[in-house]
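Asks: Submitted below is the structure of interest, expressed as structure tokens.
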Amino acid sequence: MPYGVRHERYFSLQNKTHGVRLTNVINFKNVRNVRIFIVFGALLLYYFHMNLMFNIGRLASTIFYRSFFRFSVTGLENIPKKGSLLIFSNHASMFDPPAVGLSIWSRPTWYMARDTLFKNPFAGALLRSIHAIPLNRGTGFRGGYEKVKNVLNNGGAVIAFPEGTRSPDGKLQKGKAGVGMLMYESRAAVIPCYIKGSADALPKGKKMPKLFTKMSINFGPAINLYDIYAMPDEKQTYQLSVDRVMDRIAEIKRSVEEL
């Protein structure tokens, strides 16, 4: 066979071979794998981004509280490191939610915040970075109920305030039955918490904080609610459970004030 013909056949075969290889590389199976890889990579980046933003937000809040207030925490040994968890605290100041959250470094925490606070883009981004869940007060506790349940169903920790709103004078108020419903339905571990000094640092109705005020976050042991969980699923049962939580918070308050 003449050289030119052999040479032409060789390159023809090479081109066909390369074409087969290219087809094998770009087939529907590999395209599907590439798409799965891209989606998985995007989700992974989003996960690390959200955790990074959460840790940055928590670190910034910690620096603020430690720098401008005489801040202390007790009872951290009562916080379980995993599993569904509800942390219930008294509420007297806008400082309360982040103050409780930044006190717990052993696990991420979520908390509910009034949805109007998210209207400012900067404030909304900051609140979301530290796991705030918007709560529509116009629809009652149900405004953020399903989102909170989703966090708990996935083994998360949620900070909530049974009183429903800030105390005008710093005194403990009666808890709302809606919080009791959350306890009853989720069966999450329940930890009581008492915040001392936040009403002095930034009471309800004030816009400027009183710096270098002493603040303390005090966690108590888990509350046993099994006897209440055995009761009928009704509003009276919910109220009994939240009343027990408020009693435990009052006990922590008395012990802290005695020191």
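Since every read-out is calculated from the coordinates, none of them should be taken as a lab result. Predicted, not measured: the structure shown is a model, and the values here were computed from it. A quick note on method: Cβ atoms are made from the backbone with ideal geometry, for glycine too, and the neighbour counts reach across all protein chains shown.
Asks: Given K119/K207; K82/K149; K206/K253; K174/K235; K81/K204; K119/K206, which pairs have Cα atoms separated by over 25 Å?
Replies: Listed pairs above 25 Å: K81/K204.
Asks: Of all chymotrypsin sites (Phe, Trp or Tyr not before Pro) in region 203-259, which ones are in loop regions per DSSP and have a Cβ with at most 12 other Cβ atoms within 10 Å?
Replies: Filter output for region 203-259: F212.
Asks: How much net charge surrounds Y65 when only other residues with a Cβ under 12 Å from its Cβ are counted (Lys, Arg +1; Asp, Glu -1)?
Replies: +3
Asks: How much length is gained if the chain between D233 and K81 is pulled fully straight, taking 0.36 nm per residue apart and subtracting their Cα-Cα distance, in nm to one decimal?
Replies: Between D233 and K81, full extension yields 51.8 nm more.
Asks: Determine the shape class of region 72-258: with a ≥ b ≥ c the square roots of the Cα gyration tensor eigenvalues, call it rounded for a/c under 1.5, and otherwise prolate if a/b is greater than b/c, oblate otherwise.
Replies: Since a/c stays below 1.5, the shape of region 72-258 is classed as rounded.
Asks: Now for a separate question. Calculated FRET efficiency, A125 and N150, Cβ-Cβ r, R0 22 Å, to nearest 0.05?
Replies: Plugging the Cβ-Cβ distance into 1/(1 + (r/R0)^6) gives 0.55.
Asks: Under a point spin-label approximation (7 Å from Cα along Cα-to-Cβ), what is the T116-D247 distance to one decimal in nm?
Replies: Here the answer is 3.5 nm between the modelled labels.
Asks: How would you classify region 61-150 from its alpha-carbon gyration tensor, with a ≥ b ≥ c the square roots of the eigenvalues: rounded for a/c under 1.5, else prolate if a/b is greater than b/c, otherwise oblate?
Replies: In terms of gyration-tensor shape, oblate.
Asks: If you don't mind, another one. For the residue pair L240 and L52, what label-to-label distance in nm results when each label sits 7 Å from Cα along the Cα-to-beta-carbon direction?
Replies: 5.0
Asks: What's the ranking of 156-165, 176-185 by average number of surrounding C-beta atoms within 10 Å, highest first?
Replies: 156-165, 176-185
Asks: Would you mind ranking I249, I228, I63, I195 so that the residue whose beta carbon has the fewest other beta carbons within 10 Å leads the list?
Replies: Exposure proxy ranking, most exposed first: I63, I228, I249, I195.
Asks: Roughly what % of DSSP beta bridges within region 72-258 run antiparallel, to the nearest 5?
Replies: 20
Asks: So, by mean Cβ neighbours within 10 angstrom, what's the order for 109-116, 167-174 with the highest one leading?
Replies: The peptides rank, most packed first, as 109-116, 167-174.
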